[in-house]
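Asks: There's a structure below that I have some questions on.
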Amino acid sequence: MNNAKFVHEFLSELGGTAAVAKVCGITNSAVSQWRNKGKIPKAQENFLKTKFPKKYRESVERADTPEPTP
């Protein structure tokens with residue numbers, strides 16, 4: 001799976017940086033760092049995966065889909 005693509009897809013699916021920060025009880029800048037690094041810390045990923053299982057699965061599927069070639 002493309003982690004950077006997954007992180008972008010998942011955070012967008014959940015409503016963006018501010019929405020995810022609010023749900024997790026952390027700062028917007030912390031969530032922005034996840035997007036910049038292309039990685040969600042395991043504890044937060046597990047929390048979000050449990051809270052939003054359908055959106056998690058959909059984001060994984062989209063991240064696994066290869067980009068179309070021109």
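Asks: Quick check: residue separation of Asn28 and Lys49 times 0.36 nm, minus the Cα distance between them. What number comes out in nm?
Replies: Length gained, Asn28 through Lys49: 5.7 nm.
Asks: Using a Förster distance of 25 Å, how high is the FRET efficiency between Thr69 and Ala4, based on the Cβ-Cβ distance and rounded to 0.05?
Replies: The computed FRET efficiency comes out at 0.85.
Asks: Can you tell me which of Gly16, Gly25, Gly38 moves the most in a GNM of the chain? Springs connect C-alpha atoms under 10 Å apart.
Replies: Gly25
Asks: Okay, next question. Can you name the helices of the chain, as whole DSSP H runs, whose Cα span along the helix axis is 30 Å or more and whose Kyte-Doolittle mean is not below 1.0?
Replies: Qualifying helices, which must be both long enough and hydrophobic enough, do not occur.
Asks: Then there's this: What relative contact order, as a whole-number percentage, does the chain give when Cα pairs under 8 Å and 6 or more residues apart are counted?
Replies: Relative contact order for the chain comes out at 47 percent.
Asks: When the accessible area of the chain is computed with all protein chains present and a 1.4 Å probe, what percentage of it is carbon and sulfur?
Replies: Percent of accessible area from carbon and sulfur atoms in the chain: 54.
Asks: So if I average 1/r over every pair of distinct C-alpha atoms in segment 8-70 and take the inverse, what Kirkwood radius in Å does that give?
Replies: 12.1 Å
Asks: To continue, here is another question. Keeping every protein chain present and rolling a 1.4 Å probe, give me the accessible area per residue for the chain in Å².
Replies: Per-residue accessible area for the chain comes out at 65 Å².
Asks: For a quick check, take a GNM of the chain with Cα springs below 10 Å and name the residue from Ala19, Ala43, Ala30 with the largest mean-square fluctuation.
Replies: Judging by the Gaussian network model, the answer is Ala43.
Asks: Helix-only mean residue ellipticity at 222 nm, the chain, DSSP H runs n ≥ 4 weighted -39,500 (n - 2.57), per residue, nearest 500. What is it?
Replies: Calculated at 222 nm, the ellipticity per residue is -21500 deg cm²/dmol.
The values are calculated or read from the model by the stated rules, or taken from the named source; none is laboratory data. Computed from a predicted model, the values in this text were never measured in an experiment. Heads up, the Cβs are rebuilt from the backbone with ideal geometry, glycines too, and the neighbour counts pull from every protein chain shown. Just the protein is used for accessible areas: all its heavy atoms, side chains included, with ligands, DNA and RNA removed. Shrake-Rupley method; radii C 1.70, N 1.55, O 1.52, S 1.80 Å.
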